[in-house]
Amino acid sequence: MGNLYWVYLVLPFCFGLVLNTLSQENSDSDVYIVTLKQAPLSLSYQGFNNGSTSVRLNKLYKPRNDSRSHQRSSSYISRVHDSLLKKALKGEKYMKLYSYHYLINGFSVLITPQQADMLSRRQEVANVVLDFPVRTATTYTPQFLGLLKGVWPRDGGYETAGEGIVIGFIDTGIDPTHSSFADDVSDHKYPIPDHFSGICEVTRDFPSGSCNRKLVGARHFAASAITRGVFNSSQDYASPLDGDGHGTHTASVSAGNHGIPVMVAGNYFGNASGMAPRSHIAVYKALYKSFGGFAADVVAAIDQAAQDGVDIISLSITPNRRPPGIATFFNPIDMALLSAVKSGIFVVQAAGNTGPSPKSMSSFSPWIFTVGAASHDRVYSNSIVLGNNVTIPGVGLAPGTCSNEMYTLISAVHALSNETTLANDMYAGECQDPSNFDREFIQGNLLICSYSIRFVLGLSTVKQASQTAKNLSAAGVVFCMDPFVIGFQLNPTPLNMPGIIIPSTNDSKILLQYYNSSLERDGFTKKIVRFGAVASISGGLEANYSVSAPKVMYYSARGPDPEDGFLDNADIMKPNLVAPGNSIWAAWSTLGMESVEFQGESFAMMSGTSMAAPHIAGLAALIKQKFPHFSPAAIASALSTTASLYDKNGSPIMAQRAYTNPDLNQSPATPFDMGNGFVNASSALDPGLIFESTYEDYMSFLCGINGSIPIVFNHTGQNCQLYNSTVTAADLNLPSITIARLNRSQTVGRSLTNIAGNESYRVDWTAPFGVSMNVTPAHFFIAMGEKHVLNITFNAMTNDSTASFGRIGLVGNGGHNLNIPLSVIVKLY
């Protein structure tokens, strides 16, 4: 059995002072990530030695972690790094931030560009890369995904779902006090995963006892941020504590405890559960509220997570810009993740929130499982009924007014105190300060507040406005959208009193026209003598499930996958699939600052591909639990080939195409919107056939990129002569096929492995427009454990540069059905 370790770390507080001083003395200094030619520990222990012939491992075998035995080796490697810096920089000032030793052999260091050039000319050094910034990109989704009735009961119920699997989260930290991460919520005691050897930092913010059998490890990484002087210890916390909320949310989506009551603003919204509620959580905090994060810190987190022995890495983060160079795949984060995959770790990453434009993808490499965001069918909505019998829809997680009772509407600008005028407070209509108003006007009435651009920027808040209304004894609060706020998408917002936010500027005009037309004014003074408009608010606390779902959300990043900075297309399909990512309830840090409206709450409803990725991390834990020897590629295949193409009504999944009025701008989703489709949790646990890929396959692909041989060596320390450099991305054994440029004709192969019983399959296909195709064989029998190869030939039938799509379907007589999406972009006849 493994043990949990707690260590006291107080270094970052002093460390920041030293680094900031250095930064000020060397104003042109920056952080660089340096990779050495000598192989890292993970490759050395697997038979690699600086380009020598490799020892191939069983591709379904994941080497167990042995990080304690590596401690002496890692200490030696760190001393080697120190010695190199002293020799290369010859007494000049520098500051080493991290020694990387497990996945890559290298370090990050604060130096000048001239010093970076000196290091790059050293014989021991393979690569010197400038650090770059990164950014962050549920009560019902287990039921929507079929976990309650299909997946969990099949293997012992939620009491064992994911048990023994460790998911590592590289995010903004965690709130260890949250009940979603307690280890005593069930009579069924959590085991300690014996393959995990991580530690739990103990600091003033993260005291002893924060970790347990559920939360088995927690660290933070901020050296690069501290060197830049952007680290704010009062809100970023030099500890694993989550001062943002994002990390707590993503961890609970994947692996939060089952049956935790969701209480927000005094209202109950059901019970929460993660996808794999018995999985263990290890936290590697490398992102922060005030500035996001930096690649040097993220690489250190990845390196540590792999050494600790996590089974899955979940990254709800993306780079701030497309990586430069001959290919997007050659960046420090993706290359560290390639080594993690070689160690048997399944890697999940959010696609990014930069959709819906083509080529907006922020996750690039074929060894990373990229997840886009889709809706589910639970929505919260309320409405306001006006005295003229007009009903206006809105949003707001709020109770309604008393039934069958109408209340007087009064605009904030008509309820100002004698001391307040719009001339001295032009924002008074936003209801942020109760001292601006006359209580006698507002008491017992519905207060109308303006929702301006200041709410979008966070300068004004719904929470403060509703508190103002409550302090003035209003019966409720109504937010009308300012006409200058165009196309802003509003998520449901919690209110602790009857209230509604009208997101449509047109609907807001209708309400204000009714309000103004109902005012009675003195004929001589023109002062208002009577407020004649009345209304009632229906509650927004009850969810309804009548909408069509899933659909791909407008913000979810889209393919095709950009291969380089010139936006050439890669022969790789991204995203891999989509998962629930919109309006997701999950745990929240009470210190969380990301969403003003949920400050102080223990749960929050958030949207983004950041919420979609941890759904897949949790489902991957269930697959890993059932198939413990599955490789990362096998897990990816099981999730991909079983994905659904249809919504809950049996219609094709739709994709939103515009930020403004997204539901009015949608069309059927293509593989560049949703990859293989929407995740099907039940089928993923019984895929029938899998597509297997190895580290050697990915290396052959990288070596096949024009001009990549020295770059591959710089990043991996391995010689491309060991690999088949004729392999292209289209040749990778992925459960999808993308051909960016079809020059007349091309044939690709796909190898299938049967992990189920003996079965016969029929092969159906639909060719992309402008392409003819043939798949052989069209029928085949495959015994349990055997492999079979499909050969797919594409022939261009026209000259066209518009992407077109098709699909291959494998229909088994034992009930297994697999889908393989196809995309061809440029066709040359």
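The values are calculated or read from the model by the stated rules, or taken from the named source; none is laboratory data. Model, not experiment: these values are computed from the prediction. Glycine gets a Cβ as well: all are built from the backbone with ideal geometry, and neighbour counts include every protein chain shown. The area values use the complete protein model at the heavy-atom level, side chains included, leaving out ligands, DNA and RNA. Shrake-Rupley method; radii C 1.70, N 1.55, O 1.52, S 1.80 Å.
Based on this model, can you work out whether Ser52 counts as at pLDDT 85 or above and either surrounded by fewer than 20 Cβ atoms within 10 Å (Cβ to Cβ) or in contact with a His (Cβ under 9 Å, 6 or more places away or on another chain) (or both)?
Numbers: at pLDDT 85 or above: no; either surrounded by fewer than 20 Cβ atoms within 10 Å (Cβ to Cβ) or in contact with a His (Cβ under 9 Å, 6 or more places away or on another chain) (or both): yes.
Criteria not met by Ser52.
Being in a loop (DSSP other than H, G, I, E, B), in contact with a strand residue (DSSP E or B) (Cβ under 6 Å, 6 or more places away or on another chain) and not aliphatic (A, V, I, L, M) is true for just one of Asn733, Asn724, Asn791. Which residue is that? Before you say what the answer is, go through the steps one by one.
Values: Asn724 fails: in contact with a strand residue (DSSP E or B) (Cβ under 6 Å, 6 or more places away or on another chain); Asn791 fails: in a loop (DSSP other than H, G, I, E, B).
Checking each option against the conditions leaves just Asn733.
Scoring His220 on the criteria (1) open to solvent by less than 10 Å² (accessible area, probe 1.4 Å); (2) modelled with pLDDT of 95 or more leaves a single failure, condition (1). In segment 575-586, of all residues being modelled with pLDDT under 95 and of a type in the set (Gly, Ala, Ser), the one that is farthest from Leu822 (Cα to Cα) corresponds to Ala586.
Restricting segment 640-660 to residues that are hydrophobic (A, V, I, L, M, F, W, C) and at pLDDT 95 or above leaves a set whose member that is surrounded by the fewest Cβ atoms within 10 Å (Cβ to Cβ) is Leu645. Residue under question is Phe769, and the condition is that it be open to solvent by 50 Å² or more (accessible area, probe 1.4 Å), of a type in the set (Phe, Trp, Tyr) and closer than 20 Å to Ser640 by Cβ; does it hold? Spelling it out, it is not the case that Phe769 is open to solvent by 50 Å² or more (accessible area, probe 1.4 Å), of a type in the set (Phe, Trp, Tyr) and closer than 20 Å to Ser640 by Cβ. Report, by residue number, each residue of segment 565-604 that is open to solvent by less than 10 Å² (accessible area, probe 1.4 Å), closer than 25 Å to His258 by Cα and in a loop (DSSP other than H, G, I, E, B). Answer for segment 565-604, where residues must be open to solvent by less than 10 Å² (accessible area, probe 1.4 Å), closer than 25 Å to His258 by Cα and in a loop (DSSP other than H, G, I, E, B): Gly581, Trp588, Ser589, Gly592.
Please verify whether Pro399 is within 28 Å of Met605 (Cα to Cα), open to solvent by 40 Å² or more (accessible area, probe 1.4 Å) and within 40 Å of the chain's Cα centre (by Cα), treating the condition exactly as stated. No.
In the set Tyr545, Tyr555, only one residue is closer than 30 Å to Val477 by Cα, surrounded by fewer than 23 Cβ atoms within 10 Å (Cβ to Cβ) and either at pLDDT below 90 or assigned by the TED database to the domain that holds Gly164 (or both); that residue is Tyr545. Tallying residues that are open to solvent by less than 10 Å² (accessible area, probe 1.4 Å) and under 28 Å from Asp194 (Cα atoms) within segment 308-333 yields 9.
For segment 666-674, the criterion of being open to solvent by 10 Å² or more (accessible area, probe 1.4 Å) and of a type in the set (A, V, I, L, M, F, W, C) is met by at least one residue. Here Ser536 does not fit the description of being outside any helix (DSSP H, G or I) and outside the structural domain of Ser403 (by the TED database). Pairs meeting the criteria (first residue in segment 101-115 and over 12 Å from Ala88 (Cβ atoms) and in a strand (DSSP E or B), second residue among the small types (Gly, Ala, Ser) and at pLDDT 90 or above, beta carbons under 6 Å, at least 6 apart or on different chains) are Ser108/Ala296. Please verify whether Ser279 is out of contact with any Phe, Trp or Tyr (no Cβ under 7 Å at 6 or more places or on another chain), crowded, with 24+ Cβ neighbours inside 10 Å and among the hydroxyl-bearing types (Ser, Thr, Tyr), treating the condition exactly as stated. In short, yes. Can you go through Gly675, Gly717, Gly707 and tell me which one is touching a strand residue (DSSP E or B) at 6+ places or on another chain (Cβ under 9 Å), under 30 Å from Val34 (Cβ atoms) and not assigned by the TED database to the domain that holds Thr766? Being touching a strand residue (DSSP E or B) at 6+ places or on another chain (Cβ under 9 Å), under 30 Å from Val34 (Cβ atoms) and not assigned by the TED database to the domain that holds Thr766 holds for just one of Gly675, Gly717, Gly707, which is Gly717. Scanning segment 245-266 for residues that are part of a loop (DSSP other than H, G, I, E, B) and open to solvent by 10 Å² or more (accessible area, probe 1.4 Å) yields a count of 4.
Yes/no per residue for (1) at positive phi; (2) assigned by the TED database to the domain that holds Asn665; (3) part of a loop (DSSP other than H, G, I, E, B); (4) hydrophobic (A, V, I, L, M, F, W, C):
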{"residue": "Thr420", "(1), (2), (3), (4)": "no, no, yes, no"}
{"residue": "Asp425", "(1), (2), (3), (4)": "no, no, yes, no"}
{"residue": "Arg454", "(1), (2), (3), (4)": "no, no, no, no"}
{"residue": "Gly458", "(1), (2), (3), (4)": "yes, no, yes, no"}
{"residue": "Gln464", "(1), (2), (3), (4)": "no, no, no, no"}
{"residue": "Pro492", "(1), (2), (3), (4)": "no, no, yes, no"}
{"residue": "Asn496", "(1), (2), (3), (4)": "no, no, yes, no"}
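Residue-level analysis places Pro821 among those that are outside the structural domain of Ser683 (by the TED database), closer than 24 Å to Leu685 by Cβ and either β-branched (Val, Ile, Thr) or open to solvent by less than 50 Å² (accessible area, probe 1.4 Å) (or both).
When segment 608-653 is examined, which residues are found to be part of a helix (DSSP H, G or I) and farther than 21 Å from Phe169 by Cβ?
Correct list: Lys626, Ala633, Ala634, Ser637, Ala638, Ser640, Thr641.
Of all the criteria given as (1) under 24 Å from Arg228 (Cα atoms); (2) at pLDDT 90 or above; (3) not hydroxyl-bearing (Ser, Thr, Tyr), the one not satisfied by Arg135 is (2).
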